[in-house]
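> Pasting a structure here, questions to come.
The values are calculated or read from the model by the stated rules, or taken from the named source; none is laboratory data. Because the structure is predicted, anything quoted here is derived from the model rather than measured. Cβ sites come from the backbone with ideal geometry, for glycine too, and all protein chains shown count toward neighbours.
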Amino acid sequence: MSSSAWKVSPPADGEAITWQEGQLTIPDRPIVPFIEGDGIGPDIWRPTRKVLDSAVAGVYGGARSIAWTEILAGEKAKAMLDEWLPQMTVEALKQYRVGIKGPLTTPVGGGIRSLNVALRQLLDLYACVRPVRHFSGVPSPVRHPEHVDMVLFRENTEDVYAGIEWEQGSNGAVKIIEFMRSVLGKRVREDSGIGIKAISVTGSKRLVRKALQYAVENGRTDVTLVHKGNIMKYTEGAFKEWGYELARDEFGEVTVTEQELWSELGGELPEGRILVKDRIADAMFQQLLLRPGEYQVIATTNLNGDYLSDALAAQVGGLGMAPGSNEGDGLALFEATHGTAPKYAGLNKVNPSSLILSGVLMLRWLGWTEAAGKIEQALALTIEQKRVTYDLERQMEGATLLSTSDYAQAIVDNLG
Ligand code: NAP
């Protein structure tokens, strides 16, 4: 099929979300583009949509609903339009300001490193937001997973992830090594591959701003800047410094640093204040295992955030349970955080919770908090009833094994 034969066709009665002067306006029937995803994508998308629609219908009785519209990316786009990431998909996300997606295959060759990274960069979705909490009854490798309740903000657009790198022996690598030697006086082995780690004031401050805004809006009292600044002073260390600067300049009325807490306030955080502190990344891994209850919101650079978010997810049931979003200013894309698990594709077997909970995040982003809360409660109840998919069933005593669709139906039944 040629690109011109396929169009994004939202329902005629849907309306676009708008963003003006820093404010979102959400209509009662917003147009929400969705990407089914590859591999297990369709298996988890169908039941997710059913759970979201049932909750919204149950809570708002028809006064609010979602006007879903499909957009294409990944294998489906390649098969139908001979493109991995059609421009119209990017345009639709820009126009409607929101989207939800299943996992996408990473194409091998063809000029695109990763569709997910491409989408984040094209739409300037600079914050990867990963809330991590435990649902009672979900198997965990730690003794007190219920102490884990935090939201991680990971910078999404720079750091070594920006993909600025040159293969060993390539013209670029040779030139840079020579430039470093002759102009900067820095020696690098001649048989090295080269990657560039760039961290900017702009990227760091807008990420920390989002984390602090979240803390203010959600009554969280603790934001931790995680960095490896003891070794990488001008990138990771600078991230920390700029984070503190932003907190002081823009949130000075509501924030207190750890130093102020102990030197001026006797260790007591005043009512209504947010404690801003920092931790070195390796120490933070230990903290998250030993004292997770001391951390509520984390703001960190890209690579640290990548490791930390999966390590945190492991404490609360693994990637099948971990929701996520990629957010910019007035634009957000919600997604399952796991991959396409191709060996399970079409088997109606895998856990759809990651995508369902990403849908919950989306409902909160829309301001539809009652529907979001209902789904979270119903999902928690379903797990307490030990009616779960294979990944949880194999680790739980006396659980009932459900297919993807039956698990979603159990959640719908529990919506009440
Ligand atoms: P994966 O698809 O996440 O699967 C790895 C394993 O995780 C699965 O074999 C399964 O473990 C478990 N798993 C994943 N999703 C699950 C679910 N919903 N329910 C239960 N268990 C689940 O990782 P991968 O095999 O490394 O990656 C496959 C493809 O996905 C690659 O092309 C990769 O690039 C892509 N990917 C996409 C995204 C994204 O779109 N956001 C993210 C990561 C990877 P068991 O077999 O032990 O049950």
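> Would you pick out the residues in segment 35-59 that are of a type outside the set (D, E, K, R) and within 14 Å of the ligand (Cβ to nearest atom)?
35, 37, 39, 40, 41, 42, 44, 45, 47, 48, listed by residue number.
> Another question, if that's okay. Can you list residue pairs whose Cβ atoms sit under 8 Å apart, with the first residue in segment 213-225 being aromatic (Phe, Trp, Tyr) and the second being crowded, with 18+ Cβ neighbours inside 10 Å and assigned to a strand (DSSP E or B)? Count only pairs 6 or more apart in sequence or on different chains.
These pairs meet every condition: 214/129; 214/151; 214/153; 214/297.
> Then there's this: Please tell me if residue 336 is within 16 Å of the ligand (Cβ to nearest atom) and within 12 Å of the chain's Cα centre (by Cα).
yes
> Would you please list the contacts, defined by Cβ atoms under 7 Å and residues six or more apart or on different chains, that run from a residue in segment 380-403 that is assigned to a loop (DSSP other than H, G, I, E, B) to a residue that is acidic (Asp, Glu) and within 13 Å of the ligand (Cβ to nearest atom)?
That search, which allows pairs on different chains as well, returns 399/393.
> Another question, then. I'd like to verify a number: residues in segment 145-171 that are part of a loop (DSSP other than H, G, I, E, B) and within 26 Å of residue 192 (Cβ to Cβ), how many?
Going through segment 145-171 one residue at a time, the tally reaches 8.
> Could you say which residue among 208, 142, 188, 117 is in a helix (DSSP H, G or I) and away from the ligand (no atom under 16 Å from the Cβ)?
Just one listed residue meets the conditions, 208.
> Across segment 345-361, which residue is farthest from residue 22 (Cα to Cα) among those that are within 7 Å of the ligand (Cβ to nearest atom) and over 13 Å from the mean Cα position of the chain (by Cα)?
Filtering segment 345-361 for residues that are within 7 Å of the ligand (Cβ to nearest atom) and over 13 Å from the mean Cα position of the chain (by Cα), the one farthest from residue 22 (Cα to Cα) comes out as 350.
> Looking only at segment 25-34, count every residue that is of a type outside the set (Ser, Thr, Tyr) and either more than 22 Å from the chain's Cα centre (by Cα) or at pLDDT below 95 (or both) and tell me the total.
3
> Is there a residue in segment 362-375 that is of a type in the set (A, V, I, L, M, F, W, C), within 13 Å of the ligand (Cβ to nearest atom) and buried (at least 18 other Cβ atoms within 10 Å of the Cβ)?
The answer is no; no qualifying residue exists.
> Just wondering, is there one or more residues in segment 289-302 that are within 16 Å of the ligand (Cβ to nearest atom) and among the hydroxyl-bearing types (Ser, Thr, Tyr)?
The answer is no, given that none of the residues of segment 289-302 is within 16 Å of the ligand (Cβ to nearest atom) and among the hydroxyl-bearing types (Ser, Thr, Tyr).
> Using the structure shown, decide if residue 124 is away from the ligand (no atom under 16 Å from the Cβ), at positive phi and surrounded by 22 or more Cβ atoms within 10 Å (Cβ to Cβ).
The answer is no for residue 124.
> Mind checking which pairs have a first residue in segment 35-62 that is free of Cβ contacts under 8 Å to residues at least 12 places away in the same chain and a second that is hydroxyl-bearing (Ser, Thr, Tyr), Cβ under 8 Å, 6 or more apart or different chains?
57/65
> Are any residues in segment 35-81 of a type in the set (Val, Ile, Thr) and either over 20 Å from the mean Cα position of the chain (by Cα) or outside any strand (DSSP E or B) (or both), and if so, which ones?
Within segment 35-81, 40, 44, 48, 51, 56, 59, 66, 69, 71 meet the criteria.
> So which residues in segment 376-406 are within 16 Å of the ligand (Cβ to nearest atom) and of a type in the set (D, E, K, R), if there are any at all?
Answer for segment 376-406, where residues must be within 16 Å of the ligand (Cβ to nearest atom) and of a type in the set (D, E, K, R): 387, 391, 393, 394, 406.
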